[in-house]
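The values are calculated or read from the model by the stated rules, or taken from the named source; none is laboratory data. Computed from a predicted structure; not experimentally measured. A quick note on method: Cβ atoms are made from the backbone with ideal geometry, for glycine too, and the neighbour counts reach across all protein chains shown.
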């Protein structure tokens with residue numbers, strides 16, 4: 001505890017309630033392994049599309065990696081194996097978007 005805080009002062013605890021409750025450990029599926037293992041050097045195109053949609057993403061490739069993986073993981077947790085379909089739909093990906101790393105053109 002910091003020395004400038006009164007140890008007798010009441011503390012407020014805020015409960016954390018995830019949007020999507022996870023009742024069991026996540027299995028490391030092929031999709032989840034793909035999302036968590038994407039190198040930051042492969043995500044610039046996706047990060048740029050997210051920026052165009054209003055996402056606030058820093059300039060470093062590590063910032064892009066964190067933002068894109070967070071975004072993909074959100075889709076995965078909500079949609080499971082169908083996450084790519086919904087992610088592409090949200091990006092409104094057109095022919096200029098090369099796809100996610102490893103996707104067939």
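Evaluate segment 63-70: report whether one residue or more is surrounded by fewer than 15 Cβ atoms within 10 Å (Cβ to Cβ), without any contact (Cβ under 8 Å) to a residue 12 or more places away in the chain and part of a loop (DSSP other than H, G, I, E, B).
no
Give the residues of segment 88-105 that are exposed (fewer than 10 other Cβ atoms within 10 Å of the Cβ), within 17 Å of residue 42 (Cα to Cα) and at pLDDT below 70, sorted by residue number.
96, 104, 105
Could you tell me whether residue 24 is exposed (fewer than 11 other Cβ atoms within 10 Å of the Cβ) and at pLDDT 85 or above?
Against the criterion (exposed (fewer than 11 other Cβ atoms within 10 Å of the Cβ) and at pLDDT 85 or above), residue 24 does not qualify.
Output the number of the condition that residue 62 fails; it satisfies all remaining conditions of (1) out of contact with any helix residue (DSSP H, G or I) (no Cβ under 7 Å at 6 or more places or on another chain); (2) more than 20 Å from residue 88 (Cβ to Cβ); (3) at pLDDT 90 or above.
Going through the list (1) out of contact with any helix residue (DSSP H, G or I) (no Cβ under 7 Å at 6 or more places or on another chain); (2) more than 20 Å from residue 88 (Cβ to Cβ); (3) at pLDDT 90 or above, residue 62 breaks only (1).
Looking only at segment 35-62, count every residue that is over 24 Å from residue 24 (Cα atoms) and free of Cβ contacts under 8 Å to residues at least 24 places away in the same chain and tell me the total.
Total satisfying the criteria: 15.
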